[in-house]
1. Working only within region 314-349, note down all residues that are farther than 18 Å from S279 by Cβ, under 32 Å from the mean Cα position of the chain (by Cα) and within 16 Å of the ligand (Cβ to nearest atom).
2. For residues in region 4-44 being out of contact with any strand residue (DSSP E or B) (no Cβ under 9 Å at 6 or more places or on another chain) and acidic (D, E), which is farthest from L220 (Cα to Cα)?
3. From the residues in region 277-311 that are of a type in the set (A, V, I, L, M, F, W, C) and over 18 Å from N341 (Cα atoms), which one is farthest from the ligand (Cβ to nearest atom)?
4. Which residues, taken from region 271-324, are among the small types (G, A, S) and under 17 Å from D376 (Cα atoms)?
5. Can you name every residue in region 364-383 that is under 23 Å from K284 (Cβ atoms) and touching a helix residue (DSSP H, G or I) at 6+ places or on another chain (Cβ under 7 Å)?
6. Going by the conditions given, is D376 surrounded by fewer than 21 Cβ atoms within 10 Å (Cβ to Cβ), acidic (D, E) and away from the ligand (no atom under 12 Å from the Cβ)?
7. Being buried (at least 20 other Cβ atoms within 10 Å of the Cβ) and either in a loop (DSSP other than H, G, I, E, B) or in contact with a Cys (Cβ under 9 Å, 6 or more places away or on another chain) (or both), is that true of even one residue in region 92-105?
Amino acid sequence: MNLFVGKINSLIKEFSNKVETEIKEGEYPVATPKASEPVIVNNKNLKKASKILFSSDKSQISDDIILHFNELEKLIPFSSTPKAFHSAWELRTNNLNKFAADRLANEGAQLIPQNKISNIFGIRDQQGVMLGPNKRLIMGVRHSAGNYDDELDDLRFTYQPPRTVPGMLRYRWCEFLSKNLEIPFTMLAVIWLWYSIDVKTKIPIFIISPAQIINSEKNLRDFGKSLNSPLELQIVNRAEVYKSIHRFESMQDTLAEIRFRSDLDVRLAEEWSFEEIHSSKKGKEIKKWFKDNDKKCPGSKCGHIQFDEISDSEIGFGHIIPQDWAITFPHYQTILHHPDNLYLTCNKCNSSLGSSFPNKTNSSQEDIEKSGTIGDWLRRTKT
Ligand SMILES: [Zn+2]
C-alpha cells in the first residue's frame, strides 16, 4: 500500500473514533440569518454522516483528496487578488455597475461570466457550500451580500456550517486533514454579482479567491462541543496556494517524511547571504551559535568533528548547490548565495568537495538536515 493511502487510512480511523467517543447526542444550533431550528444529532444520523464521508474503499478516499488539490490547482489562475476580492466583498450589493467593475479590475479582479467550466462558476445549485468529488470535501463557499456573519477582517472570515449532520461533520473532517497533513486545507471563496451587459441582458459575474482553513486546532481540541462551529477561513494569494499544493505533491512522492521549510523573508535572506556572512561579524555569530549548541560538521572527511573543537578560521560556509554549477547553469545564480543553500562545515570537508554536491563525496542530505542550513538557523534565531 502506498504511504499516502496508509496515512489517510489511519487519519480516517482516528477521526471516526473521535466522532464515536466524543460527540454527544443532542440539539446543535447553527447561526442563521433567520431564526432556525437546531440540528438534532443522534448516533444514527452521525453514522449515516460518517458513511457519506468515508464509505467505499479507503484508497478512493485518498484519491478524492488528490483530486481536490488537482481541481483546485487548475482553478487558481482564475483567482482575483486578495485586495480585489476584499473590495468585491465590501460592495454589499448584488448588482455590479460599470464603475465598480472597472475599479475591481484595476485592483486585480478577474470578472468571470457564468460558464460551464466548473460548477464554481454556476448558480444552478444555490447551496452556500460547494462540495468536491464524491461529496467528501469542500471545494468552495459562496458569499452573498448581506449575510449576518459578514465581516472580512484582515481577510479572515467565518462560515457557518450547513444545517445537516454530514455538512457539520465535513467541516471538522477538513479541519482534521488540515491539521494532521500539516497542509492548510484550501478551497475557493466565491462571490457572484449581477452585471448588465445591455438593457436586456443581465449576467452573473463571478469573483473567486483561494481561502485556507485557519485555527483548525481549536475545534478539534474541543471536538465534543464544536460539531456546529463555523469554519475559520483566510483569503490568501495564489503563490500561497501553489506552495501548499507543492507540499501536498511532495508528500505523495516520497517515502520519507520531508521537512518543509517556510520561505525566508526576502530581506532577511539578503541580509544573511553568503557575501554578508562568510568573513564578517555575522559569520562569527553563526559559528558561535553552532559551537554553543554542540553542532557537528556534517562532513565525513573530518569524522563529524564538533565545531567547538576547532577554531573559527577552520570553519567555513559550504554551498549545497556548488558555485561552479551555477556558472554552468545560470538559473542557479539567483539562489546560490541564499541562506538555504549554505551550511556550516569544517574547511577540510569543504575543500574536499571541489565542485561536487556535498552528498557526492562527503555530507549526506540527512547530515546537512541534522545540523541545518544557515536559513534554518535564521528561522530558529531571527524570526
Ligand atoms: Zn568536516
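1. Within region 314-349, just I320 meets the criteria.
2. The selected residue is E20.
3. W289
4. Selection gives S273, G283, G316, G318.
5. Once the filter is applied, which keeps residues that are under 23 Å from K284 (Cβ atoms) and touching a helix residue (DSSP H, G or I) at 6+ places or on another chain (Cβ under 7 Å), region 364-383 yields I368, T373, I374, G375, W377, L378, T381, K382.
6. Yes: the conditions hold for D376.
7. First, pick out the residues of region 92-105 that are buried (at least 20 other Cβ atoms within 10 Å of the Cβ): 96, 104.
With the extra rule that they be either in a loop (DSSP other than H, G, I, E, B) or in contact with a Cys (Cβ under 9 Å, 6 or more places away or on another chain) (or both), the set shrinks to none.
No, because not a single residue in region 92-105 is buried (at least 20 other Cβ atoms within 10 Å of the Cβ) and either in a loop (DSSP other than H, G, I, E, B) or in contact with a Cys (Cβ under 9 Å, 6 or more places away or on another chain) (or both).
One line per residue, one yes/no per condition, for (1) closer than 22 Å to P230 by Cα; (2) among the hydroxyl-bearing types (S, T, Y); (3) surrounded by fewer than 15 Cβ atoms within 10 Å (Cβ to Cβ):
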site	(1), (2), (3)
F4	no, no, no
N9	no, no, no
E22	yes, no, yes
S55	no, yes, yes
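The values are calculated or read from the model by the stated rules, or taken from the named source; none is laboratory data. None of the values given here were measured: they were computed from a predicted structure. Cβ atoms come from the backbone with ideal geometry, glycine included; neighbour counts cover every protein chain shown.
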